[in-house]
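Take a look at the structure below.
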Amino acid sequence: MKLCRTELQQGVALNTVTTDRFKTAFFTVNLFVPLEKETASAYSLLTDVLMRGTESYPTMQALNQKQDTLYSLGLGAFVQKKGEAQVVTFELTAIDDSFAFDGMEILGEGMKLMQELIFRPYTEQGLFKAEYVEQEKKNLCDDIRGRINNKTAYARNRCVEIMCEGEAYAVDHGGDLEDVNALTPASLWEAYEGLLAKARVEMFYVGRKGEAEVASLCKTYLQFAPREAVFPKTTLGALPQESRTVTEQMRISQCKMTLGFRTEYALQEGNFPAMALFNEVFGGSPNSRLFMNVREKQSLCYYCSSFPDGLKGLLMVVSGIEQKNKQKTLDAVLEQLEDLKQGHIDPLELENARRSLRNGYREITDSPAAIASWYLGRISTGRYDSPEEAIAAMEQVSAEDVVTVANSIRLDTVYFLEGGAKE
Amino acid sequence: MSNFQKVCDSTVGEQYFYRVHESGLPIYVIPKKHSATYAMFGTRYGSIDCKFKTANDEEYLELPDGVAHFLEHKMFEDENGVDAFTRYALTGASANAFTSFDRTCYLFSCTEGFDENLEILLDFVSHPYFTKETVQKEQGIIGEEIAMYDDNPGWCVFVNLLKCLYKEHPVRRSIVGTRESIAKITPEMLYRCTDTFYNLRNMVLIVCGDVTPEQVNAVCDKMLTEVAPVVEVERVFPKEPEEINCPYVEGFFEISQPIVEIGFKDIPAEDPDERIRISAANAINMQLLFGKSGEFYNRLYESGLISDKFGGAYAQERTAAFTEVSAYCNEPYALKDAVCAEIDKRREDYFTREEFETAKRVVYANNLFNFDSTDDIANTFMTFWQNGGDYLSYSACLSKIGYEEAWEVLKNTVRTDRCAMSVVYPKEGKDE
């Protein structure tokens, strides 16, 4: 499952993983730009407006009908956040050509359609169709307002927003209401041209075809002009001297507790394997400290887990609890951290964490989307270890390294989303 | 070959091996060259099995809501207080379990030590151990799980829809129960459930990954040394009328926009093959009616009534079946009228033959996408087994569905005179 990387043009690369494990082909075009409040909303809206139609398929229905004839070809456009980069992704999923019962070249046809989607959108008077823009603005605003619907995700995002206020990382990659509302067909068009001209382009293919064949398809169907584009940099924030606690209210039955820690561990720093192993011991699995103690021993919650952001160097802990147990749960989590700081790590506990992490890394190779996502998350750091290489690096991490991580991370923000607001 | 039966399907290029183990347990092995192997040990026992007795019992047992799910949590603990997760920790497997209306499944996926992991799975699921204390401890954890679902509008709108569609059938009851109902659970109750339903003849083992049937069989030989007794179980389902229970229900949540589910009640067929034929035909019908390339979806999207958060599906199991249309939508009644009008129109004036063939191709390809994931394969196998069918025959069944046949199924199974709507509104206000 080794990555094969080819520079097609300056600033434009193709990443290929060739394997006969799957019956499907997975292909994405990813445009990397800095995550900035000024442009985040425009790029987010852009992905929705582009999906409304192209020159040859001017309506969503025409586009979807074309996809149907290509054996239910999946085609999507969306934005993602990778550290302090906003990534505009165009994604294609198709059954492998060998499963077409009429000899159709599905991937080639799919790329051709993606080329239209990216470079030849449906326009009126040289701009995006005003009606499409208006409708998608409304839909996007509904989505943005809808962020309150999922309380766990909402609480986690609020915690990050508060913790990273003033940093690029606090910007929501999906956009915000005010900026979306201010967009016009003309300003959106300007953003679109800027994106295509300036973004760093990374394409990924996972499937049965070899690198040469995919590169040749890209040359035929998906030509990007050369560009002087580098990956946006992600800055690790300074470690805080002390932590703050923020409590907000919503009319809900379960209180959500989110903790945000700052760390000096990140993929680009080369020290991430230690964080990965620490996280596995602390709250990354059902055998972790948090699950075994906060849930199983103390029955305080149904879930309590931790996960790192490998680019921004954050570690988050999330749990859903009874409001009256706020302090008790916080204490229980911090007690486990304190215990690890003291160096109380059982050799068996560490071995279990290694096994669990090894299993998790290997499972990535069973899903085309997971493989592409693994490399996409790493590509901007210039290090693109395979899951097997990440396992080898993790095996080198010692108990002392894990204790060092425990001692170096700093609690920045404690965030509670609690019930009890006015009925 | 320990007399496994081999079944192949050339359209999807897959095969499986099947046999009934000496202990009484049916085994399916689906070889797949992936890194991780996925194993699922399930029982035909879910939240709807709440009134039953065996031939040996005098009295029917009626359970409070949430017992099957509670039992699933408690199976993980053994008589020494050791949790199955602790045993899996020694192998690195990733383990889980879930309970739905008609089944409880225990599963793991692993990239090393498969035999050892399968031993753990077979062992802990066949050795129940419950005491007053361990039951009590779980009530706190599940209480928080219940609270989590109570804050989940998407789950609540679905549960409410079932309460509208069904008057008597236990699908209208909660899978997880309430804090009050789970407080009534006793160890004796749980033992009676395991005695009845955790009988190997009522269970199935499905393994998908880089393993051989012989390997799986050998672990079963080692772990399942006793032959399961033949126990006749009588499950009592109250007589469910063909009509819906009530046409409308609403709820209020801290959300931004109403979430709507519209349901059309159907009566499931007695014969398993017939149920699978209807499912296949309705998969095509749903694509035709509500697919993103269809006239209906695009008309509603362009009018602004719906966004891309819209979908339609036909759900069916042995004792309940319905069509479900869901959307985020500010005008629930307008949506309901449009959906009913479309169904009525298409029942009379069906789609063109060309549209039908394209929809069939889409459903064929979507089924193929499923075969890239060991967990999707195993879970779909489980669903077919529950229904008395065979997943690998689905592709062939699908290809045989004809134009007139699909039309006929639409007329018989998607009926607007059995329609109910469930809406959850933002707490601020609601659409009149």
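What follows draws every value from the coordinates through simple rules; no lab data is involved. Everything quoted here is computed from the prediction, not taken from an experiment. With ideal geometry, Cβ positions are generated from the backbone for all residues, glycine too; neighbour counts draw on all protein chains shown.
Side notes on the structure shown:
- The slack in the chain from A:Ala197 to A:Glu242, taken as 0.36 nm per residue of separation less the alpha-carbon distance, amounts to 11.9 nm.
- Chain A: radius of gyration over Cα atoms, expressed as a fraction of 2.2 N^0.38 Å: 1.05
- Paramagnetic reach from A:Lys138 in the stretch B:320-335 [backbone N under 18 Å; point 7 Å along Cα→Cβ]: B:327-335
- Length added when fully stretched, B:Glu79-B:Tyr60, from 0.36 nm per residue minus Cα-Cα: 4.0 nm
- Estimated [θ] at 222 nm from DSSP helical runs (n ≥ 4, -39500 (n - 2.57)) normalised by residues in the protein assembly as shown, nearest 500: -13000 deg cm²/dmol
- Nonlocal amide H pairs with B:Tyr166, under 5 Å, H built at 1.01 Å: B:Asn245
- Principal axes of the stretch B:248-426: Cα extent on each, largest first, Å: 44, 35, 32
- Note that the protein assembly as shown shows a convex hull volume over its alpha carbon atoms of 164 Å³ per residue.
- With a Förster radius of 51 Å applied to the C-beta separation of B:Ala334 and A:Cys4, the computed FRET efficiency comes to 0.45.
- Average Cα contact separation per residue, chain A, under 8 Å, 6 or more apart, as relative contact order %: 22
- DSSP-loop GluC sites (Glu not before Pro) across the stretch A:1-83, with at most 11 other Cβ within 10 angstrom: A:Glu55
- Net charge of the neighbourhood of A:Phe204, taken over other residues with C-beta under 14 Å away and scored Lys/Arg +1, Asp/Glu -1, is +3.
- P(r) histogram, all alpha-carbon pairs of the stretch B:60-205 included - 10 Å bins from 0, percent: 10, 37, 35, 16, 2
- Coupling constants for the stretch A:90-102 follow from the phi torsions by the Karplus curve (6.51 cos²θ - 1.76 cosθ + 1.60, θ = phi - 60°), and in residue order they are 10, 10, 10, 10, 8, 6, 4, 3, 5, 9, 6, 8, 10 Hz; glycine and proline get x.
- Residues with amide H under 5 Å from that of A:Thr54, placed H, sequence gap 5 or more: A:Thr59, A:Tyr122
- Stokes-Einstein D for the stretch B:1-59, Kirkwood Rh over Cα pairs, 10 °C, 1.306 mPa s (µm²/s): 106
- The trypsin sites (Lys or Arg not before Pro) of the stretch B:159-196 that meet both conditions, a loop assignment by DSSP and at most 16 other Cβ atoms within 10 Å of the site Cβ, are B:Lys167, B:Lys184.
- A simple spin-label model places pseudo-atoms 7 Å from Cα toward Cβ; at B:Gln136 and A:Asp20 they are separated by 6.1 nm.
- Listed values for the stretch B:101-114 are Karplus-derived 3J(HN,Hα) couplings in whole Hz (6.51 cos²θ - 1.76 cosθ + 1.60, θ = phi - 60°), namely 4, 10, 7, 10, 10, 10, 8, 8, 10, 9, 10, 8, x, 4, and x replaces Gly and Pro.
- Calculated from backbone phi, Karplus (6.51, -1.76, 1.60) coupling profile of the stretch B:40-47 in Hz, x at Gly/Pro: 9, 10, x, 10, 6, 8, x, 5
- Here the residues B:Ile27, B:Ile343, ranked from fewest to most Cβ neighbours within 10 Å of their Cβ, fall in the order B:Ile27, B:Ile343.
- Taken over the alpha carbons of the stretch A:1-109 as equal point scatterers, the Debye sum produces base-10 log I(q)/I(0) values at 0.16, 0.22, 0.23 Å⁻¹ of -0.92, -1.26, -1.28.
- The Cα center of the stretch B:173-191 and the Cα center of the stretch A:346-423 differ in position by 37 Å.
- Taking a ≥ b ≥ c as the square roots of the eigenvalues of the alpha carbon gyration tensor, chain B is oblate, as a/c is not under 1.5 and a/b does not beat b/c.
- Applying the Kirkwood pairwise sum to the alpha-carbon positions of the stretch B:299-355 produces a hydrodynamic radius of 13.1 angstrom.
- Relative contact order, whole percent, for the stretch B:248-426 stands at 45, derived from Cα pairs under 8 Å and 6 or more residues apart.
- Alpha carbon centroid spacing (whole Å) that separates the stretch A:39-68 from the stretch B:311-346: 26
- Loop GluC sites (Glu not before Pro), the stretch B:94-150, which have at most 16 other Cβ atoms in a 10 Å radius of their Cβ (DSSP): B:Glu112
- Close amide H contacts of A:Thr413 (hydrogens built in the peptide plane, cut-off under 5 Å, sequence separation of 5 or more or a different chain): A:Arg244, A:Gly260.
- Charge context of B:Glu77, other residues only, Cβ under 15 angstrom, K/R +1, D/E -1: -2
- In units of the compact-protein estimate 2.2 N^0.38 Å, the stretch A:278-423 shows a Cα radius of gyration of 1.15.
- Distribution of pairwise C-alpha distances over the stretch A:4-221, 10 Å bins, in %: 8, 31, 33, 22, 6, 0
- Centroid-to-centroid, using Cα positions, the stretch B:382-422 and the stretch B:221-259 are 20 Å apart.
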